[in-house]
Every structure is written in structure tokens, then in C-alpha cells.
Amino acid sequence: MTQSEPASTALSPHEVRSIIIGVLVAMFLAALDQTIVATAMPTIGRVLGDFENLPWVVTIYLLTSTAVTPLYGKMADIAGRRGTLLVAIGTFMAGSIACALAPTMLTLILARALQGLGGGGLISLAQTIIADIIPPRERARYQAYFATVFVASSIAGPVLGGFIAEKLHWSVIFWINLPLGLAALWMTNGVLKKLPRHERPHKLDFLGSGLMAFATIALLLSLSLGGPHYPWTSAPILSLLVLSILLWIGFIVRLRTAPEPLIPTEILANPVVAAGTTAACFGMGVFIGMTIYMPILLEGVYGLTASQSGLGLIPMMVGTVTGATLSGRLMARIKHYKYPPLVGLTVSTLAFALAAIRPQELPLFALEILMTAASMGIGTMLPVTTVAIQNAVLQHQMGTATGAMNFFRSLGGALIVAVFGAIVMGGLPSDLAANVTIETLAKSLAASGSDIGSVFRYVFLAATAGAFATLLALYRMEERPLRTKIEPASMAME
């Protein structure tokens, strides 16, 4: 890190480095918690004697963490970054302790809800804090570090979770959050006091916040329960969807009428924010969907074991980091920073389209090459959309814009993953489609005589459409010149 990179003269290069490492640790907390639990779930269900409600351990965290993401962004603009981050880490650690000590499945589910209330702010707050100390021109290459964090958690989480559940005790997967959380606090608490203050006097729109949170929860519940647990046309799923639609309508009305809405309309109407968030939604949705469902293809067609299919995902993860790193470094050096992701997403679209031709006849090495190329193309989009969105708003709106971007990206990603799931579940006979988990889908498809390759032809076609939508949204995003310095606090307060 050079002397020219710190955005504020009050921060030394050592202090900037400490903040960056600290917020990356905080981000790793949230990312790891979404992957480490999965492989330990069978052990948790056996020890607590409740397999029926086990999926809620994952679902409830998704619900609460997604619902509160925009609230943290707004609070960061109201109360400052440091205090909001401390609340998020403290809540997450309190939830982790409650999870580790949970004597029953119900207690564990409630503790995971509390943990999600903290985890929902860690990622967007980390991105906001980086935006406070690194100017947009230099910021893109730091976004590659964020991609590295997600890849590391995706690879290490399942392996670590399985090892802990088998060799130690399942509660250790929650206890390890404490030293990580304390490290993040130690590295950031004192230094964050020196950050320039950009917030203005604000009021939190509690009615709008409630409408948005409950609309999100109803929608995610319908996506989580639809298919494996209830038919998509069943009364519970349709009721949740109708409730979500009504709540979203109420939220939109509140945005137009509230004196100070949760997400200011000028942010939502900003063409860079709208196009960048749309691109991020489709791109991340395709990437997450492929990482979730690719093991089914690897196990069902190529005969890989569960652990081998996990290793088979590593090239995709590495491709994402490589694409994000290359795009981030080029963004700091070239004027037309959209060119690398436009080329990358074109490659992604073509790679998914080629895989869709006859996936059941593709050699494994060819499939890995195509998926690596596709993930590398998606990776090129990640730093560009985040930095472009932050570059397009005022400094005192940074938290709100970043939180909104992460919220809609997560929500859009959940919708696309649900589409992928519906395609895969559609390949199952109706008598096998109920109560099927991701871990047993490959065996169920094979046992039913279904052609897994043919099923995944439609998955790859959906991925092709998603990658093309990402490309189109990024093409439409205005390419504004990147600021070379951080906006002074005095200007932000005017």
C-alpha cells in the first residue's frame, strides 16, 4: 500500500491497512457462517433429535440477514460507520454464543435469527467503510479482496464444518466466531474513530423499514418452502406471495409519501444505481445458483463423490477471484472501465450456451473449462458494479446506497436460485419431489431414471439468459468518470 492511497491525511498507511484487514475479517465472519453450517447439519439434527425443523437453521439466518441489510446502510449514514459496525459484530457474536449453547432445535433456530440480525450488516458495512478511505479510482482492486473472502469461505466452510462436526463438537462452528469477531473489533474500533464524518441528521422510517422487512421475509419464505416442501401452486405458497406483493406495494407507496424514506428515491432513480444493481442481481444469482446445483451434475453424470464434487467447484471459485482481480486492477488504470466486464460477460454467456448444447456428453475437463471461463466473466462484473454505484452517489448516502445494492442483489439472487431449483425439481417425478434436499437430489434423479444431463440443459439455458441479462444491464449502465479523491466531510455536510 502506497502513501498516496489513504483518503484522509488523518489516517496513516498502517491505519488504513488495519481498517481494511479488520473489515475483511468482519466480512469473512458473515460469509463463513453461510457455508460452515451446511455440512454440520446432519450432526446437529442427530444430537438435538430434530431433523424435521433442521432446514430452518439455514433459512432463518437468510431471512433475517437479508431483511436488515438496508437498515444497516441507513443507520451507517445516520449514526456513523463505527458505531453501526460495532452493533453488527456485537449482535453477531451474541447470536453465535446463543447458538453454541442452544439445548434444543427451537432455541438454535431463534439464536440463528439473532445471528442473522448481526450478520446482515457486516458485508455492506465493510464495503461502505472501504469507500470512506479509498477513492473510487483505487477502490476497485480492493473489491477483489472481497471476492477472495467469499471464495475462501466457500471452500473452507464446508470442509471445516464437516471436520468440526466429525472430530470435535458441532457447537465449535459457532464458538470460532468469537475470536474472529474480537479480532475484527480490535483492528477497527480505535482506528475507525478517525474516519471523517459524512452523516447528516436523519430520521429512520420505521414504517417503511417494517414493510420492507416483512415483504422480504414473506417472499424468501415462499422461495424457501416452494418446491421441496409445498407445491408452487399450493395455498401456503400463494398466500405468502400475495402477502409479499401487498407489502411491497405498501413499501412503494411509503417511499413516495414518507418525509424521509428508508431508501431515498433519488438513489433508486439514479440510473447508475439501477443498472448496476440489476447487473449484480443477475450475475450473483447465476453464480450462486451454479455453485449450489453443479454438485448434482458432477455426482449424477460424472459419478463424483460429495467431497470430489466440492473440489470440482474450486476452478469456478478461482475463476471468480481471477476475473474480479483483473477487472479491479484495470479499472484503476483505464478510462473505459466497463470494457473488461463487457468482454468477460460475453464470454460467460457463450460458455453457458456451449454447455447447454449437450451437457450429458461433455467430458469433465471440458465442463470445468467452460464453468471456469463463465465464472471468470461474472467475476469481472463484481468490482465494477460496486465501485460505479458508490461513485455515483454522495458520500453521506454511501451507506444507504451500498446497503440497498447488497439487499437487492441478495433478493434477486434468491429469485434466480429459486428458478434453478424449480428447473431441477421439475426433473423429478411428483412422488419424489417432496421433502428432497440438495444433498439427495442427484441420487433421486438417478433412481427415478431421469436424464440429469437433459435436466441441466435447461439449467444452463437459464444461466445463459441470466448472464446475457447481466451483460445487457451493464451495457446500459452509464460510465461516469471515477473520482480520484474522497469527498471531504465539509462538502458532504453542506
Name the residue that is surrounded by the most Cβ atoms within 10 Å (Cβ to Cβ), counting only residues in the range 288-311 that are in contact with a helix residue (DSSP H, G or I) (Cβ under 8 Å, 6 or more places away or on another chain) and not in a helix (DSSP H, G or I). 301
Determine which member of the set 300, 319, 312, 328 is of a type outside the set (S, T, N, Q) and over 22 Å from residue 464 (Cβ atoms). 328
Kindly evaluate residue 102 against the criterion of being at negative phi and in a helix (DSSP H, G or I). no
Give 131, 165 a once-over and let me know the one that is more than 25 Å from residue 72 (Cβ to Cβ), assigned to a helix (DSSP H, G or I) and in the same structural domain as residue 26 (by TED's automatic domain parsing). 165
Specify the residue that is modelled with the lowest pLDDT; the eligible residues are those in the range 1-44 that are polar (S, T, N, Q) and under 29 Å from residue 100 (Cβ atoms). 39
Considering only residues that are touching a strand residue (DSSP E or B) at 6+ places or on another chain (Cβ under 7 Å) and over 13 Å from residue 418 (Cβ atoms), which ones fall in the range 217-254? 236
Looking at 239, 209 in this structure, which one is out of contact with any Phe, Trp or Tyr (no Cβ under 7 Å at 6 or more places or on another chain) and either surrounded by 17 or more Cβ atoms within 10 Å (Cβ to Cβ) or on the phi > 0 side of the Ramachandran plot (or both)? 209
Just wondering, is there one or more residues in the range 274-291 that are free of Cβ contacts under 8 Å to residues at least 12 places away in the same chain, more than 17 Å from the chain's Cα centre (by Cα) and farther than 13 Å from residue 371 by Cα? yes
With closer than 28 Å to residue 319 by Cβ and at pLDDT 80 or above as the only criterion, which of 180, 168 stands out? 180
Restricting to the range 385-401, and then to whatever is at pLDDT 90 or above and more than 16 Å from the chain's Cα centre (by Cα), can you tell me which residue is farthest from residue 337 (Cα to Cα)? 389
For the range 341-350, state whether one or more residues are surrounded by 19 or more Cβ atoms within 10 Å (Cβ to Cβ) and within 18 Å of residue 300 (Cα to Cα). no
Using the structure shown, decide if residue 342 is aliphatic (A, V, I, L, M), assigned to a helix (DSSP H, G or I) and in contact with a Pro (Cβ under 8 Å, 6 or more places away or on another chain). no
Search the range 399-415 for residues that are closer than 15 Å to residue 129 by Cβ and pair each with any residue that is of a type in the set (D, E, K, R) when their beta-carbon atoms are under 6 Å apart and the residues are at least 6 apart or on different chains. 399/77; 400/74; 400/77
Regarding residue 333, is this residue free of Cβ contacts under 8 Å to residues at least 12 places away in the same chain, out of contact with any Asp or Glu (no Cβ under 7 Å at 6 or more places or on another chain) and outside any helix (DSSP H, G or I)? yes
Are there any pairs with C-beta distances below 6 angstrom linking a residue in the range 1-23 that is over 11 Å from residue 130 (Cα atoms) and part of a helix (DSSP H, G or I) to a residue that is modelled with pLDDT under 50 and hydrophobic (A, V, I, L, M, F, W, C), with the two at least 6 apart or on different chains, and if so which? 13/1
State which residue is farthest from residue 69 (Cα to Cα) when the search covers only the range 109-133 and only residues that are among the β-branched types (Val, Ile, Thr) and crowded, with 24+ Cβ neighbours inside 10 Å. 133
Restricting attention to the range 83-104, the residues that are surrounded by 19 or more Cβ atoms within 10 Å (Cβ to Cβ) and modelled with pLDDT under 90 number exactly 2
Output the residue which, of all residues in the range 249-287 that are part of a helix (DSSP H, G or I) and modelled with pLDDT under 85, is nearest to residue 388 (Cα to Cα). 268
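The values are calculated or read from the model by the stated rules, or taken from the named source; none is laboratory data. Note that this is a predicted model, so its numbers are computed, not measured. No Cβ is skipped: glycine too gets one built from the backbone with ideal geometry, and neighbour counts run over all protein chains shown.
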